[in-house]
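First the structure, in the form of structure tokens, and then the observations on it.
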Amino acid sequence: MHTGHMTPNAVAERASHVAAVRSDAAAQSPGIKAALIATRQIRAWADAQEAALIVQLGKVEAFCEPTIADAGKCSLGKANRTKERADTLDATPRLADALADGAITSGHVDALTRGSKQLNDDQREALLDRANELADVAAAATVEEFQRRLKLEIKTLQADDGLDRLQRQRANVRVNTWTDAEGMWNIRGTFDPVTGVKLASKLEGTINALFAEAVPEFCPTDPIEKHQFLAAHALTRIIDGSAGSGRSGRPEYVVVIDADTPGDAGPVVDWPIPVEIPARVMAQLVAHDEVDVHGVVVRNGVILYAPGELQLGRTTRLANKAQRRALRALYSGCAIPGCSVRYDRCKLHHIVWWRHGGRTDLDNLLPLCARHHANVHHDNWAIELDHQRELTLRFPDGTVRSTGPPKRDAA
């Protein structure tokens with residue numbers, strides 16, 4: 001366990017090391033990586049000091065957010081989130097020590113803060129006690145891994161099959177509108193998961209139906225900005241009634257049945273958006289025919305069964321819904337190792353390019369996010385996929401990286 005905070009002298013040493021690497025034109029990957037680690041440790045130390053100062057400030061100012069915002073040159077909203085982080089660290093001294101030592105990041109602390117908001121006061125206190133004992137786990141884990149561990153702790157604390165939480169979420173549905181300094185009209189909404197699934201399905205369906213062939217004027221080229229632009233125009237068309245009636249907004253769920261799963265573990269269910277719906281509510285939606293459910297059977301990265309036509313050959317360049325559904329059963333997001341972009345934000349890439357005679361068949365398609373899709377097409381990344389969907393990446397510098405068949409985390 002962490003026995004002491006990183007001293008200012010140790011911070012200065014790390015800063016000097018970073019500066020030395022930055023000025024070394026001949027620096028190699030190991031040295032640059034060490035400098036990046038030092039940078040992360042410096043940032044963590046600074047975040048810990050900021051949190052401690054905010055706790056100090058809170059003892060002399062009843063409402064200290066304006067002072068935090070003024071000192072940090074940020075909005076009151078950002079100041080409030082920074083204070084929440086400080087409050088979390090004040091309640092978890094072992095995590096505070098780990099942050100001051102550079103062993104964890106503020107992202108770990110923010111994950112705990114977000115998780116605690118899902119709980120009532122007693123549950124929150126219990127979660128903070130448990131998190132305080134998980135400092136070593138946090139130090140050895142990425143933010144995403146620590147967040148998954150916290151989700152398990154939260155589920156254990158709630159132990160009410162999620163219905164109480166869904167009721168609280170439904171009570172917190174809100175829509176806010178405002179006009180910003182540029183004269184732009186803004187809208188922001190918060191919805192419970194059941195409603196959110198329906199809205200997301202309607203929005204994505206409208207985007208695909210209206211803008212598959214042509215996009216509105218002024219559409220940006222950056223993939224993220226483009227999707228946000230098209231979503232705004234799709235929402236406008238839904239509101240004014242010009243989106244058409246071809247998409248009802250019925251959510252679609254893919255039930256992944258893993259033929260290799262031992263015992264009675266049951267199927268893995270993948271949601272169209274990353275939300276959790278209580279099993280009892282999900283059963284009611286299915287019973288009342290309010291959702292579309294499709295079963296896909298997989299074994300070790302291979303589709304054994306999926307509904308619909310999966311081999312389109314050269315008849316069309318675009319993958320159909322059945323192919324997208326089948327690949328959703330294998331991949332939760334971009335197929336490139338380490339990428340966190342979720343599946344719905346990916347394009348289906350032809351391993352053998354369409355222009356080179358590639359076929360729109362399931363074994364020639366791979367989900368890639370916009371950034372990695374551009375790497376393949378413009379930066380000479382080469383991708384190979386064998387019959388077990390084992391992926392081999394070849395980079396321009398000669399580096400080769402291989403992965404096993406795709407693996408999914410249980411929902």
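The values are calculated or read from the model by the stated rules, or taken from the named source; none is laboratory data. Computed from a predicted model, the values in this text were never measured in an experiment. Positions of Cβ are backbone-derived with ideal geometry, glycine not excepted, and every protein chain shown enters the neighbour counts.
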For region 355-411, which residues satisfy the criterion of being closer than 27 Å to GLU144 by Cβ, over 23 Å from the mean Cα position of the chain (by Cα) and polar (S, T, N, Q)?
GLN388, THR392, THR399, SER402
Checking ALA15, ALA38 in turn, the sole residue that is among the small types (Gly, Ala, Ser) and buried (at least 17 other Cβ atoms within 10 Å of the Cβ) turns out to be ALA38
Tell me, yes or no, whether region 115-123 has at least one residue that is over 30 Å from LEU99 (Cβ atoms) and touching a Lys or Arg at 6+ places or on another chain (Cβ under 6 Å).
no
Is there any pair with a first residue in region 88-102 that is assigned by TED's automatic domain parsing to the domain that holds ILE42 and a second that is hydroxyl-bearing (Ser, Thr, Tyr) and surrounded by fewer than 24 Cβ atoms within 10 Å (Cβ to Cβ) whose Cβ atoms are under 6 Å apart and which are 6 or more apart or on different chains, and what are they?
THR88/THR113
Kindly indicate whether ASP136 is of a type in the set (D, E, K, R), in a helix (DSSP H, G or I) and farther than 27 Å from SER340 by Cα.
no
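Here is a yes/no grid of residues against (1) aromatic (Phe, Trp, Tyr); (2) farther than 26 Å from ALA283 by Cα:
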residue: GLU84; (1), (2): no, yes
residue: ASP97; (1), (2): no, yes
residue: GLY102; (1), (2): no, yes
residue: ARG124; (1), (2): no, yes
residue: PHE146; (1), (2): yes, yes
residue: ILE154; (1), (2): no, no
residue: ASN172; (1), (2): no, no
residue: ASP192; (1), (2): no, no
Filter region 365-375 down to the residues that are surrounded by fewer than 19 Cβ atoms within 10 Å (Cβ to Cβ) and in contact with a strand residue (DSSP E or B) (Cβ under 8 Å, 6 or more places away or on another chain) and list them by number.
ALA370
Go through region 356-411 and count every residue that is within 20 Å of ARG325 (Cα to Cα), among the charged types (D, E, K, R) and part of a strand (DSSP E or B).
1
Any residue in region 17-41 that is farther than 27 Å from HIS108 by Cβ sitting within a Cβ distance under 6 Å of a residue that is surrounded by 12 or more Cβ atoms within 10 Å (Cβ to Cβ)? List the pairs, counting only those 6 or more apart or interchain.
ALA27/VAL21
Take the residues in region 66-95 that are surrounded by fewer than 18 Cβ atoms within 10 Å (Cβ to Cβ) and polar (S, T, N, Q), then tell me which one is farthest from ARG114 (Cα to Cα).
THR67
Checked against (1) more than 24 Å from ILE224 (Cβ to Cβ); (2) of a type in the set (Lys, Arg); (3) crowded, with 19+ Cβ neighbours inside 10 Å, ARG355 satisfies every condition except (3)
Taking the conditions exactly as written (touching a Gly at 6+ places or on another chain (Cβ under 9 Å) and part of a helix (DSSP H, G or I)), does LEU127 satisfy them or not?
yes
Determine which member of the set LEU119, LEU127 is touching an Asp or Glu at 6+ places or on another chain (Cβ under 7 Å) and not assigned by TED's automatic domain parsing to the domain that holds ARG280.
LEU127
Residue check: is ALA135 within 24 Å of the chain's Cα centre (by Cα), under 25 Å from ALA52 (Cα atoms) and hydrophobic (A, V, I, L, M, F, W, C)?
yes
Within region 10-58, considering residues that are hydroxyl-bearing (Ser, Thr, Tyr) and in a helix (DSSP H, G or I), the one farthest from ASN80 (Cα to Cα)
SER29
Among the residues of region 174-226, how many are touching a helix residue (DSSP H, G or I) at 6+ places or on another chain (Cβ under 7 Å) and either touching a residue at least 24 places away in the same chain (Cβ under 8 Å) or over 28 Å from HIS372 (Cα atoms) (or both)?
11
